[in-house]
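The values are calculated or read from the model by the stated rules, or taken from the named source; none is laboratory data. Keep in mind the model is a prediction, meaning the values are calculated, not measured. FYI the Cβ positions are ideal-geometry reconstructions off the backbone, even for glycines, and counts take in every protein chain you see.
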Amino acid sequence: MIRPPIRVLAISPIPEEGAGCRFRVSQYVPYLESQGFTVTIRPFYTPEFFRMVYKPGHFVRKSIGFVGLLARRLRVLRELGDYDVVFLYREAVPAGPPWIERRIARRGLPIVFDFDDAIFLPSVSEANKSLGFLKDTSRPAKIIAFSSHVVVGNEFLAGYARQFNPAVTVIPTAVDTTRFVPRPDRERVPASGPVVGWIGSPTTYHYLEKMAPLLKDAAARHAFTLKVSGAGKPVHFDGVTVQEVPWSLDREVELFNACDVGVYPLEDHDWERGKCGFKAIQFMACGVPVVAAAVGVNREIIRDGENGFLASTPAEWRDKLDRLLTDPALRDRFSHAGRETIEERYSLRVTAPQLARILRDAVPEHS
């Protein structure tokens, strides 16, 4: 007897243009469908609204647009009978209490809850500080408590989740290693010197800004170009040759591959400990050697001096960036070792079966 497919409703606050939805949800769809699932993704933000939401200002447009999107989100409640399990990424609505999630649970529909940031902390983007009062930091605990299973991106988040639910699994944010591959001419470096890359978002650009003095110091000693994508504002660092590149979904892999060295700066606080090291993972999957802040999960991804560099102080950043800028053999060694790490531990090939098993076990008649 052939079993009917397991019908998954995937709910996300952001569309596929957002890395979280793309890498925690939508990239799994082909594998899940090959394993007897059907998956319907329902984001809260439209791509257009998502592009506006992290820009400063636009308060009236954001408010009116949010109300319209909330009305659209309510339609999900009328569709619940069409599904066997809800795969919830972060939240159904990006503000307020978890009343939609509670309605889903009361209907008896199992929820597999996934999050990859410390969303239980009161962190709000600079662009939306005026709306910070809408963030309910108690919401994650409530959703965790009535979820069938909780999936998180690292052990720091797992420690929080296990306070409210014992069914917690760590699945790191992974990449499809058939897409994220090193460029064929990885050893070839431009005549103008190596390209140092930072790829992020408006909410993480301040980490790079704090590196400006260090980068100026490095540029006084070595020829290199700083390639920046995703800052959300014009970038100018005194004494540094900066190339700004617009981020685009269809050229994402190409963007990482255009770099010879990746930098991944962070601060050392609980919010950063909740991050999943994903930019380091993307660089390493493309064979790009990385210098990353020695914070949180970066310490698990990167074995300092073996597959990349970790840095805690300005002196360490200066020394390790210098070494990568001047030593092609070291870059090559890190390139191969970093790629091997991603294939072994942070590849979709490794994580997809884990997620499929959790979703299947959440539906009793299919487990």
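Values computed for the structure shown
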{"quantity": "Filtered residues of segment 138-154 (kept if part of a loop (DSSP other than H, G, I, E, B) and either surrounded by fewer than 21 Cβ atoms within 10 Å (Cβ to Cβ) or in contact with a His (Cβ under 9 Å, 6 or more places away or on another chain) (or both))", "calculated": "S138, F146, S148"}
{"quantity": "Matching residues in segment 63-107 - criterion: being in contact with an Asp or Glu (Cβ under 8 Å, 6 or more places away or on another chain) and acidic (D, E)", "calculated": "E91, E101"}
{"quantity": "Only listed residue being buried (at least 21 other Cβ atoms within 10 Å of the Cβ), assigned by TED's automatic domain parsing to the domain that holds P98 and closer than 26 Å to F180 by Cβ, chosen from F50, F44, F23", "calculated": "F23"}
{"quantity": "Filtered residues of segment 4-42 (kept if assigned to a helix (DSSP H, G or I) and either closer than 18 Å to L69 by Cβ or among the basic types (K, R) (or both))", "calculated": "G20, C21, R22, R24"}
{"quantity": "Options R333, R323: the member that is farther than 26 Å from V170 by Cα, part of a helix (DSSP H, G or I), touching an Asp or Glu at 6+ places or on another chain (Cβ under 9 Å) and modelled with pLDDT of 95 or more", "calculated": "R333"}
{"quantity": "Residue in segment 350-359 that is more than 20 Å from T178 (Cα to Cα), surrounded by fewer than 16 Cβ atoms within 10 Å (Cβ to Cβ) and more than 20 Å from the chain's Cα centre (by Cα) present", "calculated": "yes"}
{"quantity": "Residues (within 19 Å of C259 (Cβ to Cβ) and crowded, with 16+ Cβ neighbours inside 10 Å) located in segment 213-227", "calculated": "L214, L215, A218, A219, F224, T225, L226, K227"}
{"quantity": "Filter result for D82 (at pLDDT 95 or above, loosely packed, with under 15 Cβ neighbours inside 10 Å and either touching a Ser or Thr at 6+ places or on another chain (Cβ under 7 Å) or more than 17 Å from G274 (Cβ to Cβ) (or both))", "calculated": "yes"}
{"quantity": "Hits in segment 203-258 (condition: closer than 18 Å to E316 by Cβ, of a type outside the set (A, V, I, L, M, F, W, C) and touching a Phe, Trp or Tyr at 6+ places or on another chain (Cβ under 7 Å))", "calculated": "K216"}
{"quantity": "Test for G65: is it at pLDDT 85 or above, buried (at least 17 other Cβ atoms within 10 Å of the Cβ), outside any loop (DSSP other than H, G, I, E, B) and touching a Ser or Thr at 6+ places or on another chain (Cβ under 9 Å)", "calculated": "no"}
{"quantity": "Residues of segment 155-185 that turn out to be among the charged types (D, E, K, R) and either buried (at least 18 other Cβ atoms within 10 Å of the Cβ) or free of Cβ contacts under 8 Å to residues at least 12 places away in the same chain (or both), as a count", "calculated": "3"}
{"quantity": "Condition met for A258 (of a type outside the set (F, W, Y) and either out of contact with any strand residue (DSSP E or B) (no Cβ under 7 Å at 6 or more places or on another chain) or more than 15 Å from Q282 (Cα to Cα) (or both))", "calculated": "no"}
{"quantity": "Residue check, V196 under 27 Å from P47 (Cα atoms) and assigned to a strand (DSSP E or B)", "calculated": "no"}
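Residue by residue, here is whether (1) buried (at least 20 other Cβ atoms within 10 Å of the Cβ); (2) over 26 Å from V189 (Cβ atoms); (3) over 17 Å from the mean Cα position of the chain (by Cα) holds:
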position: P234; (1), (2), (3): no, yes, yes
position: F237; (1), (2), (3): no, no, yes
position: F256; (1), (2), (3): yes, no, no
position: C259; (1), (2), (3): yes, no, yes
position: V263; (1), (2), (3): yes, no, no
position: G287; (1), (2), (3): yes, no, yes
position: E300; (1), (2), (3): no, yes, no
